[in-house]
1. Does Thr612 satisfy the criteria of being in contact (Cβ under 8 Å) with a residue 40 or more places away in the chain, surrounded by fewer than 22 Cβ atoms within 10 Å (Cβ to Cβ), polar (S, T, N, Q) and over 23 Å from Met447 (Cβ atoms)?
2. Can you name the residue in the stretch 124-168 that is closer than 20 Å to Asn107 by Cβ and hydrophobic (A, V, I, L, M, F, W, C) and is also surrounded by the most Cβ atoms within 10 Å (Cβ to Cβ) among such residues?
3. Tell me, which residue of the stretch 443-470 that is hydroxyl-bearing (Ser, Thr, Tyr) and assigned to a loop (DSSP other than H, G, I, E, B) is surrounded by the most Cβ atoms within 10 Å (Cβ to Cβ)?
4. Could you tell me whether Val185 is buried (at least 17 other Cβ atoms within 10 Å of the Cβ), free of Cβ contacts under 8 Å to residues at least 40 places away in the same chain and within 42 Å of the chain's Cα centre (by Cα)?
5. Pick out, from the stretch 631-727, the strands (runs of 3 or more DSSP E) lying fully within it that include 3 or more residues that are without any contact (Cβ under 8 Å) to a residue 60 or more places away in the chain and over 20 Å from His253 (Cβ atoms).
6. Would a scan of the stretch 222-242 turn up a residue that is over 13 Å from Ser164 (Cβ atoms) and assigned by TED's automatic domain parsing to the domain that holds Gln300?
Amino acid sequence: MTSRTEHESVREHVPTSGKPLPYIRPLRQFFSKPIYAVLRQNVLNKLGRFLTITICLAGVSFAGVTISSPTNGAMVTSPVHVVASASSSYPITSMRIYVDNVSVYNNSSNRIDTSISMATGSRVLVVQAWDSKGTVFKSQITITVNPPGAVTISSPANGATVTSPVRVVASASSSNTITSMQIYVDNVSVYGSSSNRIDTSISMAAGSHTVVVQAWDSTSAVFKAQVGITVTVPAGVTVSTPRNGATAGSPVHVVASASSGNPITTMRIYVDNVSVYSNSSNRIDTQVAMATGNRNMVVQAWDSTGAVFKTPVSITVNPTTTLTAETSNNTSAADSFVAQSNGNAGAGNVSKVATRTLLYPGSTAKIYAHFVPWFGSPKHMNVGYVSNDSQQVKDQVSDMISRGLNGTIIDWYGAGQDDSDFLTFDQATQFMMHQAEANTGFTFATMYDEGALVVCAKTSGCDITQRMISDLNYANVTYWGSPAYQKSGGRPVVYFFENPQYTINWPLVRTGVAGNPLFLFRNYNGFTHDQSDGGFSWISPEFATTNDPAALAYLDSYYNAAVANPGKQVTASAYPGFDDSLASWGTNRKINQQCGQTWLQTLDEAGNYYSTSNQMSGIQLVTWNDYEEGTEIETGIDNCVTVNASVAGTVVSWSITGQASTLDHFSVYVTQGSQNLLWLKDTAVSASSLDLAQFNLDAGTYTVYIKAVAKPSLTNKMSSGAQMTVR
């Protein structure tokens, strides 16, 4: 409204087409034509002058000097970037910069953009300009020029007399980031930090010393400060490292000094009353190996008169490890194996928490891993290893034992008369037998896969029942007599993975096989097989539904049959999932892994049917290494968790993405390097922070890591490092 009114007002005062203005016309009736013409001309002249003045004023911009940088009151470093401009109704002919009334720069432009060197302190900066008429314009600001970089030693003061150890407190500043600081005593480096602040204690001998604190910034500029001090050392032993009550890793770094009015002749370290180190000096700086646990350390010294001085220190020695060990592949899977689309995780760091913790409380069930021996055959996927390699089998048994498993059940294809691949499978089985025998308490068993009969079934005149009997009698001679073979009541247990295409004369098998074995058949109807001594469950993706993604209904059908047959052998099953999309024989059947939930649920299901008063005899993990059907647990099961850590003071905090129900605990580690980790504590999954002050760590800069340790056979996850400074 205002804008429009103003425009209308201007238009009302502008003559158009030479016609008389409206307010002049009424004058005609009072004046003669000549007089009217004179009056009319006077009005128009005045109006013209008014419009000319208005237009000129509108065209005049601000006249003066504007300082854009730095701003008034700013704190800056030298050289100072000065940006200024000048304007006038006449051309600007020159500009000049004055610092504290001294001219330091000039040009012949209406703009300045330059850098001026200035001494530190408060400075008055004036920018002055002249136009072509000699008119002077100026603008003034006050700024503070700080040093470009400096080190300030707060403690000790120059000339101070102090006692050892000497507390050194210093800080560094620069216009760029401080990257490191170092303390030198008498030109010897004694302490370093990657921070812009130091607060630490340094052991020094009695006498005069020069202390220099030096800093570097991101441009490699060097700053330093120096103080001279006198150190007096009271008679006795000072242990600088480790602190009393500290948590440390072995070997323990011990730094101590001794003083007396007489020369120190000997120093000695005792750990739990046992002498572990000595020298003939007044100072110790050494590494001492110590067993984990609570340790009492005493540093003792003698002077030339035989006087004895000692200082006791109590420490906790925790295990040490490396970042690589805690994050790299710790399984028997090939390092080269990468994650696959069927759910197989890439080789990585897997939880070695005992698998038994996932069963019902107090379970005594034997836990077996189902093992397939066929990798290396061109008919199967390349997983980075061959199955008939004795070292590979040794690694696999070690891995199984490390996860708390009691044995393995091998998918066995007979003696191998009809197929060269079957011969290599049998060789892998023999390697497995040797490793089971080498590890007391670890057992193995054979699961006769009726795939062994495929060649015989296609060969005219070959009796598949007799071939099975022949294979099983070979197993009796080769395997069942092993002290490591799985037995129940002294009888060897043999499992059968039947092929419904083949008709077997089972009574003939029973009478034709030596060794008196127990026969276990698959699924819930395995208990009602006419030659059954028990049944084992497997995995059935056909049972998986939207409401039952883990196919627990299949397991329930098995458990109900098992409970209904209390006198028979029971070997239940648990599995991580199923996906045969990468198998040459696959039909795209699937049980989703659910980021580890299928694994946890299928192991937990046994608790709905068994307890300490009604024990289950065994459970088979399906499978250890069937990569092609996506059931392997060798590489671990991805729980889809990530962990993030941060530090405030000495408190480390962390959070996760993913499901906390897949985790067993958190482990807290610190390091002062890039690799060696000191374990401090395990915390419950419900915890999200820990104050590390309780570990009384030596002064310095640490990197803190939080490891999310998963439930058995799920993947562990490590946070990125978070920086912490201990003073």
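The values are calculated or read from the model by the stated rules, or taken from the named source; none is laboratory data. Keep in mind that this is a model prediction, so the values were computed, not measured. Don't worry about glycine lacking a Cβ; one is built from the backbone with ideal geometry, like all the others, and counts go over all protein chains shown.
1. For Thr612, the condition - in contact (Cβ under 8 Å) with a residue 40 or more places away in the chain, surrounded by fewer than 22 Cβ atoms within 10 Å (Cβ to Cβ), polar (S, T, N, Q) and over 23 Å from Met447 (Cβ atoms) - is met.
2. Taking the stretch 124-168 and keeping what is closer than 20 Å to Asn107 by Cβ, we get 125-141.
Cutting the leftovers down to hydrophobic (A, V, I, L, M, F, W, C) gives us 125-127, 129-130, 136-137, 141.
Details: Leu125: 24, Val126: 17, Val127: 23, Ala129: 26, Trp130: 19, Val136: 9, Phe137: 18, Ile141: 18.
So the residue we want is Ala129.
3. Taking the candidates together, the pick is Thr459.
4. Yes: the conditions hold for Val185.
5. Hits in the stretch 631-727: 651-657, 663-671, 676-683, 689-691.
6. Checking the stretch 222-242: at least one residue is over 13 Å from Ser164 (Cβ atoms) and assigned by TED's automatic domain parsing to the domain that holds Gln300.
Listed here are the residues, each with its yes/no results for (1) hydroxyl-bearing (Ser, Thr, Tyr); (2) touching a Gly at 6+ places or on another chain (Cβ under 7 Å); (3) at pLDDT 95 or above.
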| position | (1), (2), (3) |
| --- | --- |
| Val494 | no, no, yes |
| Phe497 | no, no, yes |
| Asp533 | no, no, yes |
| Ser540 | yes, no, yes |
| Gly567 | no, no, no |
| Arg589 | no, no, yes |
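So that you can scan it fast, the table gives a plain yes or no per residue for (1) surrounded by fewer than 24 Cβ atoms within 10 Å (Cβ to Cβ); (2) basic (Lys, Arg):
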| residue | (1), (2) |
| --- | --- |
| Tyr524 | yes, no |
| Ile539 | no, no |
| Ser557 | yes, no |
| Gln569 | yes, no |
| Ser584 | yes, no |
| Lys590 | yes, yes |
